[in-house]
Amino acid sequence: MNSILLILILFIPAFASGIAVFFVQKKGTNFLKLILSFSGAYLFSITVLHLIPHVYQSTNTSPEVLGIYVLGGFLFQLFLEQFSQGIEHGHIHTEHGHHSHRFPIGIMFSLCLHAFLEGMPLAATHQTELALGISIHHIPAAFALGSILISTHLKKNTIIITLALFAAMTPFGFLLSKAISAGEVGNIQQYFDKIMAVVIGIFLHISTTILFESGSIDHHKFNKKKMIAVIAGVAIALASFAFVGEHDHAHGPGESHQEEMHDHDHDHHEHAH
């Protein structure tokens, strides 16, 4: 996928859904819950079907060590939620004093860090599927963030700039990760599989929490709709196999760049002789 198109897919839905709080009532959040259920199932399926097999093909790190990094990512997201209070899941908590005039620094920092890390796997394969899942997942998260920012009685321009910053964090993560995977930032590429493993742990935590928490056992009709949304998310992730070429599985992030450099060096060596 073209990088500019990918950035637009990541930025526009998050920013637009955040801005929507100025025009939409906060009531009637069942539709947002259905979006959450779909994105949670889709993210979980993409992680299991694509990201985990891809990162475990790495020759730089043993599977046991990668498992530790996956677990670390899972626990790290658990730690972040102590500050974000679950906004990543589209939850809006008004009982924690968010009606003050103070800017929610802890929430904003943890949410932006989370969004930044989510963008990093996009430098690898399966960009289209993963970008769609992240983009949908950010719709209720941005709406929840916008609602909290409005409740703090900040100026409208400040809220808009803050929402734009949040929407831009995932594209920033993608661009940095792309540079790392291409070996353009020092020699950090050797750690790329570990970074991927941490993000996988984060995705596993986010997606499973969404699936467990979205919906309510007191609303059976909604639970039926939730199951349909979950099945749709899994089905679309499975269907993506039909569109994944063999080239996507044959090369890890940055491998094509390394092969080009190797071929260039080989040709240069033959030319010298």
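The values are calculated or read from the model by the stated rules, or taken from the named source; none is laboratory data. Given the structure is predicted, the values throughout are model-derived calculations rather than measurements. Please note: Cβ atoms are built from the backbone with ideal geometry, for glycine as well, and neighbour counts cover all protein chains shown. Protein only, heavy atoms only, side chains kept; ligands, DNA and RNA dropped before computing areas. Shrake-Rupley method; radii C 1.70, N 1.55, O 1.52, S 1.80 Å.
Numerical summary
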| item | result |
| --- | --- |
| Selected residue (only one of ILE46, ILE19, ILE9, ILE52 is more than 18 Å from ALA115 (Cα to Cα) and modelled with pLDDT of 85 or more) | ILE52 |
| Condition broken by MET1, with the remaining ones in (1) of a type outside the set (Lys, Arg); (2) surrounded by fewer than 19 Cβ atoms within 10 Å (Cβ to Cβ); (3) farther than 21 Å from LEU176 by Cα satisfied | (3) |
| Every pair of residues 6+ apart whose Cβ atoms lie under 7 Å, when the first sits in region 42-69 and is without any contact (Cβ under 8 Å) to a residue 60 or more places away in the chain while the second is part of a loop (DSSP other than H, G, I, E, B) | PRO63/TYR56 |
| Count of residues meeting criterion [within 22 Å of LEU117 (Cα to Cα) and open to solvent by less than 10 Å² (accessible area, probe 1.4 Å)] in region 136-161 | 8 |
| Selection status of LEU132, under 25 Å from LEU78 (Cβ atoms) and open to solvent by 40 Å² or more (accessible area, probe 1.4 Å) | no |
| Any hit, region 78-89, residues being at pLDDT 75 or above, in contact with a helix residue (DSSP H, G or I) (Cβ under 9 Å, 6 or more places away or on another chain), within 22 Å of SER177 (Cα to Cα) and in a helix (DSSP H, G or I) | yes |
| Residues (modelled with pLDDT under 75, open to solvent by 40 Å² or more (accessible area, probe 1.4 Å) and within 30 Å of ILE68 (Cβ to Cβ)) located in region 192-239 | GLU213 |
